[in-house]
1. Rolling a 1.4 Å sphere over the protein heavy atoms, what is the accessible area per residue of segment 28-157, to the nearest Å²?
2. If I compute solvent accessible area with a 1.4 Å probe over the protein chains, what percent of it on the chain is carbon and sulfur?
3. Taking only Cα atoms and a 10 Å spring cutoff, compute GNM fluctuations for the chain and point out the largest among H66, H89, H75.
4. Please get the size of the charge dipole for the chain, origin at its Cα centre, with Cβ charges of +1 on Lys and Arg and -1 on Asp and Glu, quoted in debye to the nearest 20.
Amino acid sequence: MLADRSGNGRRTHCREEAHLMTPPQDVVEVILNDHRMMEDLLRLMRSIEADRQAALNDFAHLMIAHAEAEDTSVHPVLMPFQDTDTVEHIEAAHREAPKVLLALLEVREIGSAEWDWRLKQLALVTARHIDEEERTLINRACESLSQQSRAELGAAFARTRADLLGARCGSVVHVQRMVHADAPA
């Protein structure tokens, strides 16, 4: 809980404040919005009434852009505040997620048993990532960064993410390159 900053006598949580800030470039808000969008896209991928291929494509682009923007702009600032175990978990998740995503991108038939199983694996990896990040990095940003620093970091994250989304970074070819570049020689 944070002391009242709104003038209404009510104490607020860091995450509540992120949604009240303008402009919406607060790093906490941007990352949380991406997490909610990923969860929504996973729901669409489960639905036989949705355009599952479009949802998968959108998810792939968002997940890769989100991860790469975090790696370049957020992690260098916040990782020094984390314990070694947390850093290792976050880095492992960032290595595992593209592999699981690629396995789903390469499934030939949407709705098949293989699709359902690969989608379940992607949902599990995503849920673990979101949980770990919201319990560690997001809370650390709330504790350690000023509003101005959060806004600056959020703007840098958003710029990198937008550039990557514009480059369609979640294409099968790009994800394959990522996975193979990360594979041991």
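The values are calculated or read from the model by the stated rules, or taken from the named source; none is laboratory data. Model, not experiment: these values are computed from the prediction. We place every Cβ from the backbone using ideal geometry, glycine too, and count neighbours over all the protein chains shown. Surface areas here come from the heavy atoms of the whole protein model, side chains and all, with no ligands, DNA or RNA. Shrake-Rupley method; radii C 1.70, N 1.55, O 1.52, S 1.80 Å.
1. For segment 28-157, the solvent-accessible area averages 47 Å² per residue.
2. Details: 5190 of 9840 Å².
Carbon-and-sulfur percentage of accessible area, whole number: 53.
3. Its mean-square fluctuation being the largest, the pick is H89.
4. On the way: 21 positive and 31 negative charges, 54 e Å.
Computed about the Cα centre, the dipole is about 260 debye.
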